[in-house]
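Here the structure is laid out as structure tokens; the discussion comes afterwards.
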Amino acid sequence: MIDRSTNTPPLKETLKELAAEADRYYLKSSSIVETLHYRGRTFYSKFRRIDSSPNATLLSQHLNKEITLALPLLQEGKGDKLIIEYLGDEPERFLQTLIRLFAHLGFQQYRIFQGKYKDRRIVILPLPKQTLNELHDLGSRLSDMLETRLSKSWRILPDRRLPEDYNIYTLPYGYIN
């Protein structure tokens, strides 16, 4: 279960932990930076890839909403976390349903964060290192289970239908208590 006590580390420390695991980061631009053709589809990216770990200054700027940082979910086709981004209008209902589902499935370690906007939620589920296909399959099963109770208002990453540079997640802006 998530730690809802006062022992929760400060958000900046949590972001440093997440950033330390990454060998690169993505910086959001106001315009399209790259056009990518992948499996017959064209993707337009506003995130510029930077091949180094983000530093404390960048993390502070992100928390102050001066810039938007994202981190990769995959390294060499493998990843160790699943990201669930809720985009709908009922974040509390979604979280209650998701927490019950996690308890039913035996997931005890996860973190729930505030996104950039009031109703946006980001759930990070750490997992043992797995291939993209294994992570995608687990995400699809979770999504199918959620869809029996809620209308689809979320996305789960990583997704094998996206190129590796699109399997990124925006860093959160706050904890959900």
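The values are calculated or read from the model by the stated rules, or taken from the named source; none is laboratory data. Values in this document were obtained by computation on a predicted structure and should not be read as measured data. Note: ideal-geometry Cβ built from the backbone for every residue, glycine included; neighbour counts use all protein chains shown.
Could you tell me which of the residues 82, 36 is hydrophobic (A, V, I, L, M, F, W, C), under 18 Å from the mean Cα position of the chain (by Cα) and outside any loop (DSSP other than H, G, I, E, B)?
82
If a residue must be touching a Phe, Trp or Tyr at 6+ places or on another chain (Cβ under 6 Å) and without any contact (Cβ under 8 Å) to a residue 12 or more places away in the chain, how many such residues does the stretch 61-110 contain?
0
Pick from 93, 155: which is over 23 Å from residue 17 (Cβ atoms) and touching a strand residue (DSSP E or B) at 6+ places or on another chain (Cβ under 8 Å)?
155
If you scan the stretch 39-79, which residues turn out to be over 22 Å from residue 154 (Cα atoms), of a type in the set (Lys, Arg) and part of a strand (DSSP E or B)?
Passing the criteria: 48, 49, 78.
Do we have residue 141 as without any contact (Cβ under 8 Å) to a residue 60 or more places away in the chain and touching a Phe, Trp or Tyr at 6+ places or on another chain (Cβ under 7 Å) here?
Answer is no for this residue.
Would you point out the residue of the stretch 1-20, among those that are assigned to a loop (DSSP other than H, G, I, E, B) and surrounded by 13 or more Cβ atoms within 10 Å (Cβ to Cβ), that is modelled with the highest pLDDT?
8
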